[in-house]
Amino acid sequence: MKKSLGLFLAILLLSVGNTWGAGFQLFNEGSARVMGLGAAVTARSDMVESAWYNPSAAAFFSGPEMLAGMALVKPSFTYKDKSGEEYEMVKHVHPLPFFYGIFPVNNRVSLSFSFNLPYGLATDWPNDWPGRYDADYTSLKTFFWVPSISFKLNDKLSIAVGAQLVYADAEMEKALLTTTGDVRSKLEGDDYASGWLAALTFKPWKHTTFGLIYRSKIDLDLDGKVTYQNVPPNPQFLYNSTLLPAQFINGKGEVLLTLPATFSFGVATTIVPRWILSADLLWSGWSAYEKLTYKFEYLPYLGIEGTKVDEKNWHDRWAIRLGAEYALKPQWKLRFGYVYDPSPIDDYTRGPELPTSDRHLFNIGVGYLKGNLELDAAYTYLIMEETSTPPAGSPGNEYGNLDGQYDGDTHIFSVDVRYKF
């Protein structure tokens, strides 16, 4: 069994380089068990996934555990113009791997480690759609490695601190308008960054647990290059009412992006026989995402060094997460969850690179336990509320080519395997 699990983990980690996220915040996709519970697990002290969701719970573990698996995300977005024309985003299935481990040192101290992709996005619109000058293809991948240490202060209280080690990779493509045809621009960049976390678990009663965790924001400086394709001979563009010769010179490029600080508060109880009920409130400090800054060695059109700033002005938000786990039999568990995830995106700056609005997630899951091995599976259906494009000239509709509605949904599947040593 140990050899099989080790082989599975090796294959999983080798596949990481080809993965990316399907949304900017992906806490629900952390594992099949977590997904089935709507990620309402901040106060669960019996799950190895606490290595990410609340590592202070690791102090209550009596022995080492590991869990590994994969979520598959299939998003679908549609833009419908007021004229009735529809454009559908190119459909992809995005794999999101994860791994968690908890390793007690003694009866008061535990080490934990998690690997996952809690943030990311990938949107791929057709190259000829009306919004191609605002966004065409956008991909952001964020890989988090989080080592933590937890301390049990007494039988009711534990604390933890940890580091967030992040590698991020981004790719952005769009069309640039000239008098002689579209030019394709591509910006690629990556960065290593870090942050920290602090967590607490409190068990005032045998049947009820409370949990808290705070994660710091992460500032990314994605450094890379800018390249251009389909550059026509002697292209021109309109600048301050004057036609000027356009310059598209390959060179260095950077994108400055902030991932938000988050704070989660949760409660879990076994007061109802055969049930574990849980609820979380997750605050995300998206107001830190005021703008998206691009730095160019050669600005498109002008061919000189400069900076372009896209206003974002996102807002802080509270998400509600509810979960319930039912022990159907000693070896079988059923899980149910619901998430209300209000969008932080400002209506005036909403762009086609991430045209989401408020989201509702409905989750179901099942687990089978045999000895020290547990297998889990889960499914989530995500509904995005319909939202309108911003007005012409806004940061999300700079050229005024968009006048309609965005709509979408997402199917998410997840499987994992857990082993208790």
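The values are calculated or read from the model by the stated rules, or taken from the named source; none is laboratory data. Here the structure is a predicted model, which is why all the values come from computation and not from measurement. All Cβ positions, even for glycine, are placed from backbone atoms using ideal geometry, and neighbour counts span all protein chains on display. Note: accessible area is taken over every heavy atom of the protein model, side chains too, but ligands, DNA and RNA are not part of it. Shrake-Rupley method; radii C 1.70, N 1.55, O 1.52, S 1.80 Å.
Express the carbon and sulfur contribution to the solvent-accessible surface of region 206-359 as a percent, rounded to the nearest whole number, probe 1.4 angstrom.
The value for region 206-359 is 57 percent carbon and sulfur by accessible area.
State, to one decimal in nm, how far the label point of Asn154 lies from the label point of Ser76, with both points 7 Å from Cα in the Cβ direction.
5.5 nm
Using only the Cα atoms of region 210-354, what do you get for the radius of gyration and for Dmax, in Å?
24.0, 76
Please list, by residue number, every one of the trypsin sites (Lys or Arg not before Pro) in region 270-352 that is coil in DSSP and has at most 12 other beta-carbon atoms within 10 Å.
Arg274
Out of residues 5 or more away from Thr258 or on other chains, whose amide H comes under 5 Å of its own, with H placed 1.01 Å from N in the peptide plane?
Leu220
Calculate one ³J(HN,Hα) per residue across region 96-107 by plugging θ = phi - 60° into the Karplus curve 6.51 cos²θ - 1.76 cosθ + 1.60, and present them in order as whole Hz with x for glycine and proline.
Rounded to whole hertz, the list is 10, x, 8, 8, 9, x, 10, 9, x, 8, 8, 6.
Distance between the C-alpha centers of region 117-178 and region 208-270? Whole Å please.
Here the two parts' Cα centres lie 10 Å apart.
Compute the longest continuous run of the chain that contains no exposed GluC sites (Glu not before Pro); treat a site as exposed when its DSSP state is not H, G, I, E or B and it has at most 16 other Cβ atoms within 10 Å.
With GluC sites (Glu not before Pro) excluded where exposed in loops, the chain gives 86-289 as its longest stretch.
Taking just the C-alpha trace of region 280-327, give me its Rg and Dmax in Å.
Answer for region 280-327, Rg first and Dmax second: 19.6, 65 Å.
So what is the orientation-averaged projected area of region 229-272, using the convex hull of its C-alpha atoms, in nm²?
If I average the Cα hull's projected area over directions, I get 8.8 nm².
Which listed residue (Pro273, Ala175, Leu292) has the Cα farthest towards the positive end of the charge dipole for the chain, taking +1 on Lys and Arg C-beta and -1 on Asp and Glu C-beta about the Cα centre?
Of the listed residues, the answer is Pro273.
Report the dimensions of region 179-232 along its three principal axes from the alpha-carbon atoms, largest first, rounded to Å.
72, 21, 13
For the chain, what is the mean residue ellipticity at 222 nm derived from helices alone (per DSSP H run of n ≥ 4: -39500 (n - 2.57); sum divided by total residues; nearest 500 deg cm²/dmol)?
It comes out at -1500 deg cm²/dmol, rounded to the nearest 500.
Measure nothing fancy, just the Cα-based angle from helix 2-14's long axis to the longest principal axis of the chain, in degrees from 0 to 90, nearest 10.
Helix 2-14 sits roughly 10 degrees off the main axis of the chain.
What does the accessible area per residue of region 247-363 come to in Å², with a 1.4 Å probe and no ligands, DNA or RNA counted?
46 Å²
Loop-only trypsin sites (Lys or Arg not before Pro) in region 149-197, please: DSSP not H, G, I, E or B, and at most 11 other Cβ atoms within 10 Å.
Those that pass, being in a loop and sparsely packed, number zero.
Could you give the accessible area per residue of region 119-178, probe 1.4 Å, as a whole number in Å²?
Per residue, region 119-178 has 33 Å² of solvent-accessible surface.
Only loop residues by DSSP count here, and only those with at most 11 other Cβ atoms within 10 Å; note down the trypsin sites (Lys or Arg not before Pro) in region 61-101 that meet that.
When the trypsin sites (Lys or Arg not before Pro) of region 61-101 are filtered for loop state and at most 11 Cβ neighbours within 10 Å, Lys82, Lys91 remain.
Can you work out the Karplus-derived ³J(HN,Hα) for every residue in region 348-360? Use 6.51 cos²θ - 1.76 cosθ + 1.60 with θ = phi - 60°, whole Hz, and x for glycine or proline.
Per residue, the Karplus-derived 3J(HN,Hα) values read 7, 10, 4, x, x, 5, 7, x, 7, 10, 4, 10, 10 Hz.
Quick one: which residues, 5+ away or cross-chain, put their amide H under 5 Å from the amide H of Ser357? H built at 1.01 Å from N.
The list, which skips near neighbours in sequence, is Glu385.
What are the semi-axes of the equivalent ellipsoid for region 82-172, taken as the square roots of 5 times the Cα gyration tensor eigenvalues, largest first, in whole Å?
44, 12, 11
With every atom except the alpha carbons ignored, what do you get for Rg and Dmax of region 120-220, in angstroms?
Gyration radius and largest Cα-Cα distance of region 120-220: 22.0, 73 Å.
Please express the Cα-Cα pair-distance distribution P(r) of the chain as a list of whole percents, one per 20 Å bin, running from 0 to the bin with the greatest distance.
26, 52, 19, 2
Give a residue-ordered list of calculated ³J(HN,Hα) values for region 114-127 (Karplus: 6.51 cos²θ - 1.76 cosθ + 1.60, θ = phi - 60°; whole Hz; x for Gly, Pro).
Each residue of region 114-127 in turn: 9, 9, 6, 10, x, 9, x, 7, 8, 10, 9, 8, x, 5 Hz.
In the Gaussian network model of the chain, springs joining C-alpha atoms below 10 Å, which of Ala51, Ala43, Ala246 carries the largest mean-square fluctuation?
Ala246
Dividing the alpha-carbon radius of gyration of region 323-421 by 2.2 N^0.38 Å (N being the number of residues), what value is obtained?
1.57
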